[in-house]
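Novice: I am attaching a structure below and will ask some questions about it afterwards.
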Amino acid sequence: MIQVIYGEKGTGKTKIIVDAANAYAKDAKGVVVYIDRSNHRLHDLHRSIRLVDASHYGLTSQHDILSFIKGMLAANFDIEQIYMDGITRLLDCNVSELAELYQGLEQISKEHSVNFVITASGAREELPDFIIKHVK
């Protein structure tokens with residue numbers, strides 16, 4: 001399953017995703033991962049959440065991110081939830097350009113029973129269909 005938290009820049013998406021990760025981690029039976037483009041959230045996240053600073057791994061494409069996530073899952077079968085914030089800033093792209101990423105995450109979610117929560121910047125009417133279908 002993929003859940004998208006969307007809104008215009010400055011509307012509090014990061015606070016929402018951090019709060020959601022912290023709430024989920026309290027009762028999680030497996031590993032919770034938070035992928036961001038820096039480690040600035042280190043003190044905001046519950047100590048049990050694995051913060052991954054993606055800027056350290058040379059992730060420059062959607063394919064890189066998908067391969068990175070598959071590698072994490074291959075090394076740790078207990079990952080049950082992955083939060084992803086700031087992907088468009090990490091890849092320096094627009095949310096409408098992320099079709100490959102979302103399709104890959106759908107496949108990973110099905111194959112590995114892992115859930116994703118992702119932020120997306122923009123008004124709902126500006127989001128492409130491949131993202132809208134994941135907005136709850």
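Novice: Give the residue, chosen from 67, 48, that is free of Cβ contacts under 8 Å to residues at least 40 places away in the same chain, in a loop (DSSP other than H, G, I, E, B) and hydroxyl-bearing (Ser, Thr, Tyr).
Specialist: That would be 48, the only listed residue that is free of Cβ contacts under 8 Å to residues at least 40 places away in the same chain, in a loop (DSSP other than H, G, I, E, B) and hydroxyl-bearing (Ser, Thr, Tyr).
Novice: Here is a list of conditions, (1) surrounded by 14 or more Cβ atoms within 10 Å (Cβ to Cβ); (2) touching a helix residue (DSSP H, G or I) at 6+ places or on another chain (Cβ under 8 Å); (3) within 25 Å of residue 127 (Cβ to Cβ); (4) not hydrophobic (A, V, I, L, M, F, W, C), and residue 60 meets all of them except one; can you say which number that is?
Specialist: If we test residue 60 against (1) surrounded by 14 or more Cβ atoms within 10 Å (Cβ to Cβ); (2) touching a helix residue (DSSP H, G or I) at 6+ places or on another chain (Cβ under 8 Å); (3) within 25 Å of residue 127 (Cβ to Cβ); (4) not hydrophobic (A, V, I, L, M, F, W, C), just (1) comes out false.
Novice: Looking at segment 98-120, which of its residues are surrounded by fewer than 19 Cβ atoms within 10 Å (Cβ to Cβ) and within 23 Å of residue 34 (Cβ to Cβ)?
Specialist: From segment 98-120, those surrounded by fewer than 19 Cβ atoms within 10 Å (Cβ to Cβ) are 99-100, 103-104, 106-113, 115; that's our starting set.
Those that are surrounded by fewer than 19 Cβ atoms within 10 Å (Cβ to Cβ) and within 23 Å of residue 34 (Cβ to Cβ): 100, 103, 104, 106, 107, 108, 109, 110, 111, 112, 113, 115.
Novice: Follow-up question, since we're still on this one. Would you mention how many residues in segment 46-56 are surrounded by 13 or more Cβ atoms within 10 Å (Cβ to Cβ) and out of contact with any helix residue (DSSP H, G or I) (no Cβ under 6 Å at 6 or more places or on another chain)?
Specialist: The qualifying residues number 5.
Novice: Residue by residue through segment 7-36, note down the ones that are surrounded by fewer than 19 Cβ atoms within 10 Å (Cβ to Cβ) and among the basic types (Lys, Arg).
Specialist: Across segment 7-36, the qualifying residues are 9, 15, 26, 29.
All of the numbers you see were taken from the coordinates with simple rules; none came from a lab. Predicted model only: the values in this text are computed from it and were never measured. With ideal geometry, Cβ positions are generated from the backbone for all residues, glycine too; neighbour counts draw on all protein chains shown.
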